[in-house]
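One structure is given here, and the rest of the page talks about it.
The values are calculated or read from the model by the stated rules, or taken from the named source; none is laboratory data. Not measured: the values here are computed from a predicted model. All Cβ positions, glycine included, derive from the backbone under ideal geometry; neighbour counts span all protein chains shown.
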């Protein structure tokens, strides 16, 4: 039952991506009729970070990267603050500061996302070259422009994560000569066990990608031929552009140290509440429960951001209306799930890839697919699935690989309950 | 409430959809509609936005053939959800869209008049009545000519509509086995209401399941044994909602755990398992393989809907046949197609009658028990009952 609610100070949403939008939707769906004040440092509608690589690769138009229309956002009746990024959140006084003003709030949802980092990239000697990164629409715009430049023929991607591989795909879509360098022995860092990664690597090589695994960029200098790279193995290569995907950092610099519990991000409970009962966090800034380990971890995926945002919004609406937050609102945690297809080679994973003492790995190979299962022996002597990888040589929507992936994901989730 | 009953669901769903478009390629219906799942939610909201009354919403939706295709053409197979990188819950979305379609009068009566399974007469009860199929002697928790009401049953057996109607001897043989493995079993031969949900009568489907739950509670049973994964899913939810503490177990699991083994050897040649799309996490498939004594990784398994889901046949009859064909085409010549859900068995049998293939179509219980479905008889009786002495009555009941 919805209850109309208002409160003197607005509910603030800091950051307006997936988590922020879903928080706003949930607030309204749950009957909150007060002011929702949104702080966003982007001038466009909220975009989908998942689609940025498709835009850079020419598979999606610019407009297609924005999942919500002006009408849909307008319907949420938001008060959007347009005077610069948030510089400080003061939980004690319930005040948010920007460069140009201060704003009170009753409840605040921090949903500021993450920023790609170039940790370990040595930079270019005597040059201000900034490597390409991929997260925001601005990043995608820059990447697209670079890849479409007729003088760009050779792309080096540093990193072997999902973002790196999607960048690689964008390069392949522009018919560039692509090289990937990764510090680990295999691609799909932390998401794949070797058996699945090897099949994926085979698919990449078949598409003409040069893989330089187990090494890193040691130095870069600009020459007349391009960016001359020396790798840690001593090998060298020359590239026109370098993209770096070495990880993400949660955007929490505006949080005063000690004002909220921070680990790698803001630590939250099952209602997305931080250590301050009036500050919530969702998305890439939130460290909620990872169901398999039971530990607080960032699960930086779209679905998690959406569910966490919705959870925070509903919980706040209930609290402000004086009603008990229902059990159904609770988000007990999540598991990591990833799906990536690079020019037809498909990889799906879920759960953990930590092969600890009480876990066993089983590999099933078929003509077109490798499935890796990670089972855990429980204290009751039962065997539960805690992780899997699927690598399939073809990406067929609605195909067997997707069906098996969904089935195994559900099985892992069921085992966590 | 606004003009659409389920607007909140559409807003929630549209928040969770990236609009990446992967779902579209996974589904013939979405391809035909050229829509993503997010588009469905957004189109429903767009129809409501600025409309003055429900007539205007109805007109707007009726003019949107893409939207109608996407909502009515859904089998609830979750192929799109499986392909969705975020695994967004399509069934929840489409069920709600069907509710609004029903409220707005956008689902024609002939699409659901014969499957109102919470009424006295539906296609299954009519078939059973006309052909003298009943289980009063086995419904021990209900007082009837055979016995007093008994409330000390420990197992309730739920065969589901298709098995109870079209395989009476098989149903009885299974009941006997279930009964023999416990102190006392009883029969719940009602429907789980999936056809009501497909038609947009969600509340009625839930009420029907809750009635079933009340009967199960009345019987004293602590375990509900379901043949079909769809029935099991719906009954689990209803029992939890009603606070009835009964464990829901698949028939395969129930029999397997108690040492029951198939009465005859598995057929020779290739076994192709048709996973029920209601068996979302494959638990039922694994349990079925276990009781049949086969390794779940050995036989061919085909996923997706048999063609019966979502009452699509009432919207576009040819789609059921196409879907059944697409699934059966995975089975090589001479193979035995083994279904988990009796309605899948029925659907394949119906398709094979008009488009024969060199495959054998069996429900897994047929591989375990002596009695078999006689589809020639069933289809002859189903067709014949619309003529002769019951024809006029049926026509008037289902008009």
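In this structure, does residue A:227 turn out to be within 22 Å of residue A:147 (Cβ to Cβ), modelled with pLDDT of 95 or more, out of contact with any helix residue (DSSP H, G or I) (no Cβ under 7 Å at 6 or more places or on another chain) and buried (at least 20 other Cβ atoms within 10 Å of the Cβ)? In short, yes.
Please find, among B:377, B:352, the residue that is over 19 Å from the mean Cα position of the chain (by Cα), assigned to a helix (DSSP H, G or I) and crowded, with 17+ Cβ neighbours inside 10 Å.
Being over 19 Å from the mean Cα position of the chain (by Cα), assigned to a helix (DSSP H, G or I) and crowded, with 17+ Cβ neighbours inside 10 Å holds for just one of B:377, B:352, which is B:352.
For region A:231-266, give me each residue that is assigned to a strand (DSSP E or B) and under 26 Å from residue A:169 (Cβ atoms). Within region A:231-266, A:231, A:236, A:237, A:238, A:239, A:241, A:242, A:243, A:244, A:248, A:249, A:250 meet the criteria. Exactly one residue out of B:199, B:207, B:221, B:185 is in the same structural domain as residue B:255 (by TED's automatic domain parsing), surrounded by 23 or more Cβ atoms within 10 Å (Cβ to Cβ) and closer than 25 Å to residue B:314 by Cβ: that is B:199.
Give region B:273-297 a look and list any residue that's away from chain A (no Cβ under 12 Å), out of contact with any helix residue (DSSP H, G or I) (no Cβ under 6 Å at 6 or more places or on another chain) and without any contact (Cβ under 8 Å) to a residue 40 or more places away in the chain, or say none. Within region B:273-297, B:289, B:293, B:294 qualify. Once region B:298-309 is narrowed to residues that are within 13 Å of another protein chain (Cβ to nearest Cβ) and in contact (Cβ under 8 Å) with a residue 40 or more places away in the chain, the residue that is nearest to residue A:365 (Cα to Cα) is B:303.
For residue B:50, the requirement of being within 21 Å of residue B:302 (Cα to Cα) and either surrounded by fewer than 19 Cβ atoms within 10 Å (Cβ to Cβ) or modelled with pLDDT of 95 or more (or both) is not met.
Being assigned to a helix (DSSP H, G or I), buried (at least 24 other Cβ atoms within 10 Å of the Cβ) and in contact with a strand residue (DSSP E or B) (Cβ under 8 Å, 6 or more places away or on another chain) is the filter here, so list the residues in region A:170-182 that pass it.
Matches in region A:170-182: A:171 only.
Exactly one residue among A:81, A:86 is within 22 Å of the chain's Cα centre (by Cα) and not assigned by TED's automatic domain parsing to the domain that holds residue A:167, and that residue is A:86. Of the residues that sit in region B:50-91 and are farther than 24 Å from residue A:399 by Cβ and in a loop (DSSP other than H, G, I, E, B), which one is farthest from the other protein chains (Cβ to nearest Cβ)? Filtering first and then ranking leaves B:53. With respect to being in contact with a strand residue (DSSP E or B) (Cβ under 8 Å, 6 or more places away or on another chain) and part of a loop (DSSP other than H, G, I, E, B), residue A:385 falls outside the description.
Applying the criterion of at least 1 residues that are closer than 25 Å to residue B:312 by Cα to the helices (runs of 4 or more DSSP H) found wholly in region B:170-278 leaves B:194-198, B:202-219, B:229-242.
Okay, residues lined up against (1) assigned by TED's automatic domain parsing to the domain that holds residue B:191; (2) over 27 Å from residue B:75 (Cα atoms); (3) touching a residue at least 60 places away in the same chain (Cβ under 8 Å); (4) in a loop (DSSP other than H, G, I, E, B):
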| residue | (1), (2), (3), (4) |
| --- | --- |
| B:327 | no, no, no, no |
| B:334 | no, yes, yes, yes |
| B:344 | no, no, yes, no |
| B:373 | no, no, yes, yes |
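Applying the condition of being outside any loop (DSSP other than H, G, I, E, B), more than 8 Å from every other protein chain (Cβ to nearest Cβ) and crowded, with 23+ Cβ neighbours inside 10 Å to region B:20-42 and asking which residue is nearest to the chain's Cα centre (by Cα) yields B:29. Report yes if some residue within region A:354-363 is within 14 Å of another protein chain (Cβ to nearest Cβ) and touching a residue at least 24 places away in the same chain (Cβ under 8 Å); otherwise report no. Within region A:354-363, one or more residues are within 14 Å of another protein chain (Cβ to nearest Cβ) and touching a residue at least 24 places away in the same chain (Cβ under 8 Å).
Only a single item in (1) surrounded by fewer than 22 Cβ atoms within 10 Å (Cβ to Cβ); (2) touching a helix residue (DSSP H, G or I) at 6+ places or on another chain (Cβ under 9 Å) is not met by residue A:268, and it is number (1). Of the residues making up region A:269-313, those that are in a strand (DSSP E or B), over 19 Å from the mean Cα position of the chain (by Cα) and either within 14 Å of chain B (Cβ to nearest Cβ) or more than 15 Å from residue A:332 (Cβ to Cβ) (or both) number 1.
You will find that of A:316, A:348, the residue that is in a helix (DSSP H, G or I) and either away from chain B (no Cβ under 14 Å) or buried (at least 22 other Cβ atoms within 10 Å of the Cβ) (or both) is A:316 and no other.
Checked against the criterion of being surrounded by fewer than 17 Cβ atoms within 10 Å (Cβ to Cβ), within 14 Å of another protein chain (Cβ to nearest Cβ) and part of a helix (DSSP H, G or I), region B:118-135 has no qualifying residue. For the residues A:370, A:339, A:409, A:323, the requirement of being crowded, with 21+ Cβ neighbours inside 10 Å and farther than 30 Å from residue A:178 by Cα singles out A:409. Residues that are farther than 19 Å from residue A:18 by Cβ and over 22 Å from the mean Cα position of the chain (by Cα) within region A:47-78 comprise just one, A:77. Of the residues making up region B:2-19, those that are in a loop (DSSP other than H, G, I, E, B) and within 9 Å of chain A (Cβ to nearest Cβ) are B:17, B:18, B:19. Count of region A:126-146 residues, restricted to those that are in contact with a helix residue (DSSP H, G or I) (Cβ under 6 Å, 6 or more places away or on another chain) and under 15 Å from residue A:240 (Cβ atoms), is 3.
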